[in-house]
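A short write-up of the structure that comes next.
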Amino acid sequence: MPIDFTPDHVLYQLAVVLIAGIIGGEIFGLMRLPKVTGWIATGILIRATANQHTMVTGLNSGSVELFRPYMHFVLGYIAFTVGAALHFASLRNSGRRLGLLLLGEAVFTPTVVTLIMYFVGRAIAPDQMTMRAGLLLAAIAIAGAPGTTILVVQECRARGILTRTLVAAVALIDMVAVGAFAFVSSYLAEGGAGGEAWHSTWSMAIVSVGREFGLALCVGGLSAVIALVLSRTLVSPAFLGPTMVAVILGSWGGAAGLDVSGILACTFAGIVVSNLKHDVVRSAEAYLHSIGGVLFAAFFTFAGMNLDFSLVMKAAGLVVLYFLARFLGKYVGAYTAMSLAHVPSKVRNYLGLALVPHGGVAVGLILIVQSDPRLQDSAELVTTVGLAALAINQLVGPSGARFALQRAGEANKDLPRLLDFLDEHHITVDVTGKNKDDVIRTLAAQLYTTKDKPSIPQDEFVQKVFEREALASTCLSQGLMVPHAILDSGQEITGVLGISSKGLDLGAPDGHPVHAILLLATPESDRNRHLEVLAAFARAITRDINLREQLYHARSAAFAYDVLHADAAEDINYFLEDALVKAGVGESSEP
């Protein structure tokens, strides 16, 4: 009896896409290219050959529509986790930097793209390019690719100021893109930029943006609050992860029902959860971490299947022009913003390149243009140029981001190091105080705004530090002071570093002003690392004049972080696998 095989079941097709994506990612990995690039390239190849192998794979050029809910879930998960990274108390030192970057993205990228696409684009294709299409493409150009960016960061095992700025910014940049698109599309749909009623559409466009953000915040915030209430009353800790998955599903579904952005809703949900109960975010990430490879491999392969690479040939000139215009706008905006923020040069020089990836949000905005009957005069051109350029961006963007992280010296730095607890948000410059007590109280107040604050009340911790200081001064030589307390509970050492370029008169034994105050909170179980930190700091400050001068005169927390975590600072901030070798030099036995 002959076997009649019909490969039209959605799970069979999902298996084919997943296996193909995994193989493509591994091949690109062997070529030392980001796996995400391999997944996307595999998706494009599947779409190009799908109709020829339908009898075997069950796939055709329209198969991706069957998996749209799956893609929405993964995109929602990405938006949730990126939003959860916006823990406001932890962004104290980077707020100005992020604000300037968002301003640059909102101003430079769309302005550069609009001007180049309209004036140069009309010279290339005068019968195709219009101001309306240019404005829509400019708004879409703002969007980034949070999923791709985070995946590249994880693959590179990157850590540093550039990495932190990049991860914190990608969600906010997408929010700017959605807002700009809502404004532009509403303005054009009502007749702006060439229509008859352009003078009366500004207020309607602003209302449209307010509605988009307001409803998304309500949906995402409500979903998050309900989940947090349940986690405190009925849901056990073992089910916090599944509960957060429900938040993602509910936020996206609720937003879709109200015809607003699911990406915005999930981002707001992540922000609310992170700032009300940050530990819950870790539960969700841990819950999905074990299947993260499956989620991302299939998602980015499907993303590649959305893109018809043959579209590149239909408007090759405009596609290349749009790609270059977007890159120029991104780079100029990021470079200008980081120059104003006075960040280290490696961040200023490479952030624009790291922002090149273009992903799911842009696809969603292009689909909106396709479906809006009021924008049909621009839909074909926007779809052709936008998707074709996006295909190029998704193929070269991850490699560009990886190159930027490597050139900035932040790749392969996400390994345990001695001073990991001293990230940018645990550092403050221009610290002041009339005496030791004032300085200790100021730094303790900052420590208790961080995510890893000590387990005991702040007043009790401060009193313990005072008691230790009363036994013997912790002012060491060459402007260093290390007040600390040993705690009965807790898992890992934490602390904050205060820097005064002018120097403080705190009664140091050598009579020198104190420029660096390292306040430590050490659990009894982590006393060995406490001794390593004391020894490493004392050794580096007394022996390395260049490091000492750079640290004492750091202009910002970002510069101080860069000094402590640079390759040249491995004597003070070595990898923990080297601890047995390093800690034997100059250890102190004091508590």
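Tabulated values for the structure
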{"read-out": "Identity of the residue in segment 325-374, modelled with pLDDT under 80 and of a type in the set (D, E, K, R), that ends up farthest from the chain's Cα centre (by Cα)", "value": "Arg374"}
{"read-out": "Lone unmet requirement of (1) modelled with pLDDT of 80 or more; (2) not in a loop (DSSP other than H, G, I, E, B) for Leu387", "value": "(1)"}
{"read-out": "Some residue of segment 49-66 being in a loop (DSSP other than H, G, I, E, B), within 15 Å of the chain's Cα centre (by Cα) and modelled with pLDDT under 75", "value": "no"}
{"read-out": "Among the residues listed as Glu410, Glu424, the single one being open to solvent by less than 60 Å² (accessible area, probe 1.4 Å), in contact with a Phe, Trp or Tyr (Cβ under 6 Å, 6 or more places away or on another chain) and within 27 Å of Thr267 (Cβ to Cβ)", "value": "Glu424"}
{"read-out": "In segment 448-499, the residues that are in a loop (DSSP other than H, G, I, E, B), surrounded by 20 or more Cβ atoms within 10 Å (Cβ to Cβ) and under 37 Å from the mean Cα position of the chain (by Cα)", "value": "Pro454, Gly479, Val482, Pro483, Ile493"}
{"read-out": "Boolean, Tyr335 is buried (at least 24 other Cβ atoms within 10 Å of the Cβ), assigned to a helix (DSSP H, G or I) and touching a Lys or Arg at 6+ places or on another chain (Cβ under 8 Å)", "value": "no"}
{"read-out": "Check on Leu531, under 27 Å from Arg543 (Cβ atoms), more than 33 Å from the chain's Cα centre (by Cα) and touching a residue at least 12 places away in the same chain (Cβ under 8 Å)", "value": "yes"}
{"read-out": "Residue in segment 27-38 that is in contact with an Asp or Glu (Cβ under 7 Å, 6 or more places away or on another chain), part of a helix (DSSP H, G or I), modelled with pLDDT under 80 and open to solvent by less than 50 Å² (accessible area, probe 1.4 Å) present", "value": "no"}
{"read-out": "Elements of type helices (runs of 4 or more DSSP H) contained in segment 261-323, each with 3 or more residues being open to solvent by 10 Å² or more (accessible area, probe 1.4 Å) and at pLDDT 75 or above", "value": "262-276, 292-305"}
{"read-out": "Selection status of Asp377, assigned to a helix (DSSP H, G or I), modelled with pLDDT under 85 and among the charged types (D, E, K, R)", "value": "yes"}
{"read-out": "Residue match in segment 132-142 (condition: over 20 Å from the mean Cα position of the chain (by Cα), open to solvent by 10 Å² or more (accessible area, probe 1.4 Å) and at pLDDT below 90)", "value": "yes"}
{"read-out": "Which numbered condition Lys502 misses (of (1) more than 34 Å from the chain's Cα centre (by Cα); (2) surrounded by fewer than 20 Cβ atoms within 10 Å (Cβ to Cβ); (3) not in a strand (DSSP E or B))", "value": "(3)"}
{"read-out": "Conditions (1) open to solvent by less than 50 Å² (accessible area, probe 1.4 Å); (2) modelled with pLDDT under 80: number failed by Ser399", "value": "(2)"}
{"read-out": "Segment 546-556, residues that are open to solvent by 10 Å² or more (accessible area, probe 1.4 Å), modelled with pLDDT of 80 or more and part of a helix (DSSP H, G or I)", "value": "Arg548, Glu549, Gln550"}
{"read-out": "Residue in segment 445-455 that is of a type in the set (Gly, Ala, Ser) and at pLDDT 85 or above present", "value": "yes"}
{"read-out": "Within segment 232-255, tally of residues that are in contact (Cβ under 8 Å) with a residue 24 or more places away in the chain, farther than 22 Å from Ile291 by Cα and open to solvent by 20 Å² or more (accessible area, probe 1.4 Å)", "value": "1"}
{"read-out": "Gly386 being open to solvent by less than 10 Å² (accessible area, probe 1.4 Å) and in contact (Cβ under 8 Å) with a residue 12 or more places away in the chain", "value": "yes"}
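The values are calculated or read from the model by the stated rules, or taken from the named source; none is laboratory data. Note that the structure is a prediction, hence the values are computed from the model and not measured. Neighbour counts run over all protein chains shown; Cβ positions are idealised from the backbone, glycine included. Just so you know, the surface numbers come from the protein's heavy atoms only, side chains and all, with ligands and any DNA or RNA stripped out. Shrake-Rupley method; radii C 1.70, N 1.55, O 1.52, S 1.80 Å.
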